[in-house]
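Read through the structure below, which is laid out as structure tokens, and then see the notes.
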Amino acid sequence: MTLPSEDSKLEIRPDSFKVTSGFLRAGGEPNVPPLAPPGPTWSFDEADEQAHGFLVAVAGERTMPEYLDDPVEHARANGLMLLFSEEVAASFETYLARMPEPRVEAWRDLIAGGASSEAFGPLTLQEQLDERQVSDALQKGRKQRIINLLVGAAATVVVVIGGVVLWNQFLVEEGRTSGAFRFEGDDEPPAVAAQTGGPPVANEVLTTGLVDPVAVAAGEGSEADRITVAPLVDFPFTPGEVRASLFQYAGSGHVVFVGPEGFTDTACLRASVVTVDLRPLDTVTTGPCTQPVGRPATVGCLGPTAVLLDLRIPSGEVQLPEGGSGFAEAVRLQVIGDDPDYEVLTLRGTIEVGGDEPVDVPRFGGEIGAEIEFDLGGGRVGTCTITGDLPGAG
């Protein structure tokens, strides 16, 4: 083996070598040198000479990088340890068995990538024991994390359930006495109460446009899979063309729909009083509806541009048929289209009160046959004639 000159050795620095894919790919698989014969411990020079010879044999026909006097540094700087397969490492173990202890320690650190592991070469008994201990510790840690996660999840569920129960029992059931809508106390019978209150003045908070188009195409399969974006021309009206507002009339809650001329003759209208989780407390339908839902509404006022429907809006707590209780929190409104291409075709709006305090529902009254005007804002004004039909007591 030819050593480089002193000048060339001065130019060579361990950190100047980079492992290249070309070197690693050159030639075939690394050679496995023969085992070192048993014998006494080598001197440091003999150990280095044997190590160099071993590296040359492993590299085979590959072009060896510049030679360094220290075989450990030479192997590290040139990435030669990447050529160590399990078989090569096993053969090198016989060389390590005859090297002085400092050389053995240096090689083991290099083979292990700086720390003893199974990354390169076999492990000593102590290293294997350490590996098992680490593995056991990791396994125990994983099990403990899983237990902690399960305990944490269970505790979270308990806290959430407890919070809901406390909220329902103490904050809702005991602390709350009314829903989102408040009506003026009046024990007068409907016929008398219908005369009082003056002309209607809409509350902007209790007024909305039917602006949300919802369409489900006709056909088989899940309804969710058939939700579609229908052209606006398929809807019975354009979004916002119909508006609605809440009023108190004849001692009861009512909703008025205001729309274009003649819409009350053609529109299928629906209104539902719902709780915070959308459980319906009352639903009414009026107009030419192919599939009416809820009860037929009592029409208190009717005209070409406005229609007034009775709506039972409870002001206090309501016991629900499916269990539990709730309060009237919102009114959902729909104008429903009739098109064979669609299973559902509606424009929707919601009257919902924000905040913790209920909102007063404005009251109006008038004589039977009187014409009433409803100005709901947004340029939408409707008129109707009081019919004298009053909400039932049921």
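Nothing in this text is a laboratory measurement; each read-out follows from the coordinates by a stated rule. Just so you know, these numbers come straight off a predicted model, no measurement behind them. All Cβ positions, glycine included, derive from the backbone under ideal geometry; neighbour counts span all protein chains shown.
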>> For the range 193-308, what does the relative contact order come out to in percent, with C-alpha contacts under 8 Å and a separation of six or more?
In response: 20 percent
>> Cβ neighbours within 10 Å, averaged per peptide: list 228-239, 290-301 in order, most packed at the top.
In response: 290-301, 228-239
> Can you pull out the trypsin sites (Lys or Arg not before Pro) in the range 345-394 that DSSP calls coil and that have at most 11 other Cβ atoms within 10 Å?
Replying inline: none
>> Taking the beta-carbon count within 10 Å as an exposure proxy, list 266, 285 from fewest neighbours to most.
In response: 266, 285
> When 252, 43, 85, 315 are ordered from fewest to most other Cβ atoms inside 10 Å of their Cβ, what list results?
Replying inline: 43, 85, 315, 252
> Highest mean first, what order results for 56-62, 87-93, 325-331 on Cβ atoms within 10 Å?
Replying inline: 325-331, 87-93, 56-62
> How about the range 194-234: which GluC sites (Glu not before Pro) there are in a DSSP loop, with at most 13 other Cβ atoms within 10 Å of their Cβ?
Replying inline: 220, 223
